[in-house]
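Have a look at the structure below, then the notes.
The values are calculated or read from the model by the stated rules, or taken from the named source; none is laboratory data. Just so it is clear, the structure is predicted and the values come from calculations on it, not from any experiment. Note that each Cβ is placed from the backbone with ideal geometry, even for glycine, and that neighbours are counted across all protein chains shown. The protein model used for the area step is the full one, side chains on, heavy atoms only, and it has no ligands, DNA or RNA in it. Shrake-Rupley method; radii C 1.70, N 1.55, O 1.52, S 1.80 Å.
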Amino acid sequence: MEKNERPAREQKLARLPALLLPWYDENRRDLPWRENTNPYRVWVSEIMLQQTRVEAAKEHYIRFVRALPDVYALAACPEEKLFKLWEGLGYYSRARNLQRAAKIAAERGFPQDADGWRTLPGVGSYTAGAVCSICFGQPTPAVDGNVVRVLSRLLGDGRPQAALRPAFERELAPAYPRVRCGDFTQSLMELGATVCLPASPLCTACPLLSLCKTKSDALPAREKKAERRKTAVTLLLFSDGERLALCKRREGVLRGMYGFFCIETSLSEKEAGDFLSAAGLSSFRIGAPARHKHVFTHIEWEMAAYPVSLPAGGAEAGEGAPFDPAGALRLPEELLPEGCAHSLFADLGWFSRGYVKSRLSLPSAFRWALAHVPPAAH
């Protein structure tokens, strides 16, 4: 950006509050986290909205704050319950960081400025700016993808998005009004979410139309995304009729989350059956696979899930009882299939269907396979 461009940009940005705040008053959506400016609630909503659409987050947010109404409840929440409340939002590291930060805030209190918020786990410049402007009325910009889109088009700025975020944070701060800082922050987000859309923006309905240099979807500059790594994944859906076998993943993507026995390689039905026989299972029935593609940010799983029926076991043993079908062996590691992240079946435990549904959180990468678990006996 040339030095002689700065005064014109500053003047344009200085006009935003007068144009956006009346528009926001008339057009703001009724969202549950806007009911009050409690720092806990605003912070939870902002973490949920990272990489999650507003409509998808609304019901999760309501359920979450009913179960965990304050930072002390979140800090003390058992991990299993936390993940169940988070189920469906994905990116479970956000929930882990949320609880880590809650434990700090429960002990020390919430920070009162953006620098303090940025010291909490999982809180970056955007979340710190959003909380401090909305909750504390501070002129701290919160520049997310929506705001980058609005300002890049408004100013005709074609620089890469990675350069725009810190630049817009610096330039926006002097434009904040003396009052209603939080509403100004939200008006920019709202405009990007409802009018200045990624494709086919509603320019004629935009309160900034007269100021906008672009008046199209030509900006911001598109970033070339890294190609996803594709991985074949085989799931074994063990069931004894009333129960199913799950384990916590020890490593890699979704580490610490419950899932089905998972082998990160492709196995045919015969190869899967041969593996189970070699492991010492003599009484099982394997079915045809269900197939599914699951996309993570940088990885794509091509999945095959084999239903495996086993003889009825001891349902009275309790939730999480060790998986120990008759005859199962502990194979040496060199005989495990490539990509098998388990010590054979030692990581697996039995859980009733009702318990899984009501108490355990299954990531969406595994949750789809529940419909293909061998049915309960009648």
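Checking the a/c ratio against 1.5 first, then a/b against b/c, what shape does the Cα gyration tensor give for region 108-235? Because a/c hits 1.5 or more and a/b fails to exceed b/c, region 108-235 counts as oblate. With the highest mean first, a sort of the peptides 283-293, 74-84, 184-194 on other beta-carbon atoms found within 10 angstrom per residue produces 184-194, 74-84, 283-293.
Potential lengthening of the chain between ARG63 and ALA8 amounts to 15.2 nm, from the contour at 0.36 nm per residue minus the alpha-carbon distance. Summarised as an ellipsoid, region 162-283 has semi-axes of 54, 18, 15 Å, derived from the eigenvalues of the Cα gyration tensor scaled by 5 and square-rooted, with the largest first. Fully extending the segment from ASP274 to GLN161 would add 35.6 nm, taking 0.36 nm per residue of separation and subtracting the current Cα-Cα distance.
Within the straight-line cut-off of under 12 Å between alpha carbons, the aspartates and glutamates reachable from LYS230 are GLU264, GLU300, GLU302, sequence neighbours fewer than 8 places apart in one chain being disregarded. Taking a ≥ b ≥ c as the square roots of the eigenvalues of the Cα gyration tensor of the chain, is the shape rounded (a/c under 1.5), prolate (a/b larger than b/c) or oblate? The shape class here is prolate. How much of the accessible area of region 1-114, in percent, comes from carbon and sulfur atoms when a 1.4 Å probe is used? Taking all protein chains in place, region 1-114 shows 47 percent carbon and sulfur surface.
What you get for region 213-328, charging only the Cβ of Lys and Arg (+1) and of Asp and Glu (-1), is a dipole of about 960 debye around the Cα centre.
Suppose a student asked you for the relative contact order of the chain, using Cα pairs under 8 Å spaced at least 6 residues apart; what percent would you report? This gives 16 percent for the chain.
Summarise the accessible area of region 175-232 (1.4 Å probe, protein heavy atoms) by the percent that is carbon and sulfur.
With neighbouring chains kept in place, the figure for region 175-232 is 54 percent.
Basic side chains Lys and Arg get +1 at the Cβ, acidic Asp and Glu get -1 at the Cβ, and with that the dipole of region 115-249 about its Cα centre reaches some 440 debye. For region 133-201, trypsin sites (Lys or Arg not before Pro) meeting the loop criterion (DSSP other than H, G, I, E, B) and having at most 13 other Cβ atoms within 10 Å: ARG178.
Note on GLU55 and ARG255: the extension gain reaches 69.3 nm, defined as 0.36 nm multiplied by sequence separation minus the Cα-Cα distance.
Calculate, for the chain, the solvent-accessible area per residue in square angstrom, rolling a 1.4 angstrom probe over the heavy atoms of the protein chains.
49
Exceeding 31 Å between C-alpha atoms, which entries from my cross-link table qualify? They are LYS224/LYS270; LYS213/LYS293; LYS81/LYS270; LYS248/LYS270; LYS81/LYS293; LYS12/LYS58. Correct reply: LYS224/LYS270; LYS213/LYS293; LYS81/LYS270; LYS12/LYS58. The calculated FRET efficiency for SER358 paired with SER266, based on their beta-carbon distance and R0 = 25 Å, is about 0.15.
Spin-label model, ALA173/ALA73: points 7 Å from Cα along the beta carbon direction are separated by 3.6 nm.
In the chain, the longest principal axis of the Cα atoms and the axis of helix 39-49 are about 70 degrees apart. With Cα atoms defining each centre, region 243-287 and region 146-174 are spaced 48 Å apart in the structure.
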